[in-house]
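Okay, so here's the structure we're looking at.
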Amino acid sequence: MQQENPYAPTAVSLSERDHAGTSVASHGELVYAGFWRRFGAFWIDALIFLPVMAIAYILSEKTRFFYAYWFIPSLALGLFFHVYLVTRFGGTPGKLALNTRIALVDGSAVTAKAAFIRHAVQFVLSTLTSVALVLGSMAMTDDRYFSLGYVARVQEITANAPFWYATVTLLTQLWIWSEFVSMLFNKKRRAIHDFMAGTVVVRK
């Protein structure tokens, strides 16, 4: 009688899931990243941006034109982080740190086009937010700008921003949290931008 190999992997149906909500598979099938792993990657990426925010704060104390100067670099940084790094390495630092990668639905490497589509909504919202802050800061004089503390200054800039700024801010919040909500209601834990771009996030 043939003896079973104790080291052979157990065949598990793709429909079975582990406690973290990640698909369990064998024979090279995709193993989808669970909700909490993706949620954790989001916050790791947010922490990575803290030094950038600190630099932006320091520079904003130097000139009223900071928001105008920062407009292009901030958008370029977003494209670098969410499009270039995803295309080049398969994920943002947060996703890579948690041993996951972004792939097309068939498991192949994510393309630049798919990476940009994933970031497209956030890119548009960020652009509109930046435009509003530029206009809001330009409505102030230098004397008024430097007479206020940071919090009061930001409040006045947003008060001077176009009427649609509040709507864009609300849409940004709704977009971010709807992404997480959508993950809870599909087995592959795909966010809305994954459906848009034809991508999934899988375990490495």
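The values are calculated or read from the model by the stated rules, or taken from the named source; none is laboratory data. As the structure is a prediction and not an experimental result, all values here were calculated from the model. Here Cβ is always computed from backbone atoms with ideal geometry, including for glycine, and neighbour counts include all displayed protein chains. Protein only, heavy atoms only, side chains kept; ligands, DNA and RNA dropped before computing areas. Shrake-Rupley method; radii C 1.70, N 1.55, O 1.52, S 1.80 Å.
Filtered by the rule that a residue be open to solvent by less than 70 Å² (accessible area, probe 1.4 Å) and either under 21 Å from residue 172 (Cα atoms) or out of contact with any Lys or Arg (no Cβ under 9 Å at 6 or more places or on another chain) (or both), the stretch 140-152 gives 148, 149, 152.
No other residue among 142, 106 is of a type in the set (Asp, Glu) and touching a residue at least 40 places away in the same chain (Cβ under 8 Å) apart from 142.
The residues listed here are 189, 101, 203, 118; of these, the one that is among the charged types (D, E, K, R) and either open to solvent by less than 30 Å² (accessible area, probe 1.4 Å) or farther than 19 Å from residue 30 by Cα (or both) is 118.
Considering the stretch 105-127, the residues that are hydrophobic (A, V, I, L, M, F, W, C) and assigned to a loop (DSSP other than H, G, I, E, B) include one that is nearest to residue 199 (Cα to Cα), namely 105.
In the set (1) touching a helix residue (DSSP H, G or I) at 6+ places or on another chain (Cβ under 6 Å); (2) within 21 Å of residue 69 (Cβ to Cβ); (3) not in a helix (DSSP H, G or I), residue 130 fails one condition alone, (3). Number of residues in the stretch 27-58 that are over 30 Å from residue 146 (Cα atoms), open to solvent by 40 Å² or more (accessible area, probe 1.4 Å) and of a type outside the set (D, E, K, R) equals 8. Within the stretch 74-86, residues that are part of a helix (DSSP H, G or I) sit with their Cβ atoms under 6 Å from residues that are of a type in the set (Phe, Trp, Tyr), at 6+ positions apart or across chains, in these pairs: 83/116.
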